[in-house]
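Step one of this worksheet: look at the structure below.
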Amino acid sequence: MTPDPKPGNEAGRQPVRWLTDPFAALGRKAINWVNNLGAATIFLSLGVLRIFRPKQLMKVLEQLYLIGAGSVPIIMLVGLFTGMVLGLQSYHALVKFGSQGALGTLVALSLIRELGPVLTAIMITARAGSAITAEIGSQRISEQIDALGTMRIDPLRYLISPRVAASIISFPLLTAIFDVVGIVGGYISGVLLLGVNAGTYLYRVESSVDMKDVTDGFVKAIVFAVIVTTVCCYQGYFAHMRSDSYGARAIGRSTTAAVVISCVLILIADYIVTSLLI
């Protein structure tokens, strides 16, 4: 007869491993997530501290042009059609209750409080955030970042800090542009196309929006700027350390991960900030 497997044998441990492996995998993912969160926090802190080093102004202005000014056309286009669609949908919902006069209030508050900061951040992530990750990732893979260290140039001060500063400045300004163009889009669809009184629309916009609404939108924009810049720069800076790929494929996967993670974190942060400010 074959003796029963002892507790120390592999056969005896097999049922236990079958039960514990899923939990072990979940634990490893949780530990990796915490490690990455801590590393990204330290990465952001070091980048922010280096913003105040001398000779940073020209680099910040360059990134302001690339991140901010370069995103204005797409922000205006998306803001215009978002406002037009919001005005169209809101009109048909309000007319059922005879409240189409409140169209200006609904359009303005929806854009300033919620849609403006969120859609602006997502569009900048798609346009500028992906470019940031790909650029820094290619510099890492081609060992240009290592060369900066060899020349005694701080890579964080040279690559990360100007992008963080430019994003913190650009996101609120682009959000303001999105809000204004979106309100104009709501005017076009509500007043010019659907016949809502122009004076009523503009009066509702003016009377319903106060400074707190604008400030809350800018606070969200700054939070989103920190999130997007940190995630995109972090993914590009450490593209060479990916375990699932290397070389050009690592750059592609890092760029994809940066956009996806940034968009998810934008939505999560939007709920958290809204619950704190409301």
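Coordinate-derived values only; no laboratory data. Note that the coordinates shown come from a computational prediction; the quantities given were computed from them, not determined experimentally. Glycine gets a Cβ as well: all are built from the backbone with ideal geometry, and neighbour counts include every protein chain shown.
The charge dipole of the stretch 22-277, taken about its Cα centre with unit charges on the Cβ atoms of Lys, Arg (+1), Asp and Glu (-1) only, comes to about 600 debye. Tell me, what does the Kirkwood hydrodynamic radius of the chain come to in angstroms if you use every pair of distinct C-alpha atoms? Its Kirkwood hydrodynamic radius stands at 21.4 Å. Placing +1 on each Lys and Arg Cβ and -1 on each Asp and Glu Cβ, with no other charges, gives the stretch 43-173 a dipole about its Cα centre of roughly 240 debye.
Here's the picture: charge each Lys and Arg Cβ at +1 and each Asp and Glu Cβ at -1 in the stretch 96-208, and of 116, 177, 100 the one pushed furthest to the positive end of that dipole is 100. With a sphere of radius 13 Å drawn around the Cβ of residue 262, what net charge do the other residues whose Cβ falls strictly inside it have (Lys, Arg +1; Asp, Glu -1)? Around residue 262, the surrounding residues sum to 0. Count Lys and Arg as plus one, Asp and Glu as minus one, and take only other residues whose Cβ is under 15 Å from that of residue 208; the net charge is then -3. Candidates 268, 71, 138 compared by Cα position along the dipole of the stretch 22-277: farthest toward the positive end lies 138, with charges placed on Cβ. Can you check what the net charge comes to around residue 150, using other residues whose Cβ is under 15 Å from the Cβ of residue 150 (Lys, Arg +1; Asp, Glu -1)? That sum, taken over residues with Cβ under 15 Å, equals -1. Where the alpha-carbon atoms of the stretch 141-278 are placed on the principal axes, they occupy 65, 28, 27 Å, in descending order.
Which FRET efficiency value, to the nearest 0.05, do you get for residue 99 and residue 127 by plugging their Cβ-Cβ distance into 1/(1 + (r/R0)^6) with R0 = 41 Å? Rounded to the nearest 0.05, the efficiency is 0.65. Note on the chain: GNM, Cα springs under 10 Å; of 147, 165, 25, the largest mean-square fluctuation is that of 25. Computed on the stretch 22-277, with alpha-carbon pairs under 8 angstrom and 6+ residues apart, the relative contact order is 32 percent.
Length gained on full extension, residue 194 to residue 89, computed as 0.36 nm times the residue gap minus the Cα-Cα distance: 36.7 nm. Compared with the alpha-carbon gap, the fully stretched path from residue 24 to residue 208 is longer by 60.9 nm at 0.36 nm per residue. Were the residues from residue 272 through residue 58 laid out at 0.36 nm apart, the gain over their Cα-Cα distance would be 73.6 nm. With both labels modelled 7 Å from their Cα along Cα-to-Cβ, the residue 147 to residue 81 distance reads 4.1 nm. Placing dummy labels 7 Å off each Cα toward the beta-carbon, the span from residue 180 to residue 32 is 4.6 nm.
Sorted fewest first by neighbouring Cβ atoms within 10 angstrom, 167, 161 come out as 161, 167.
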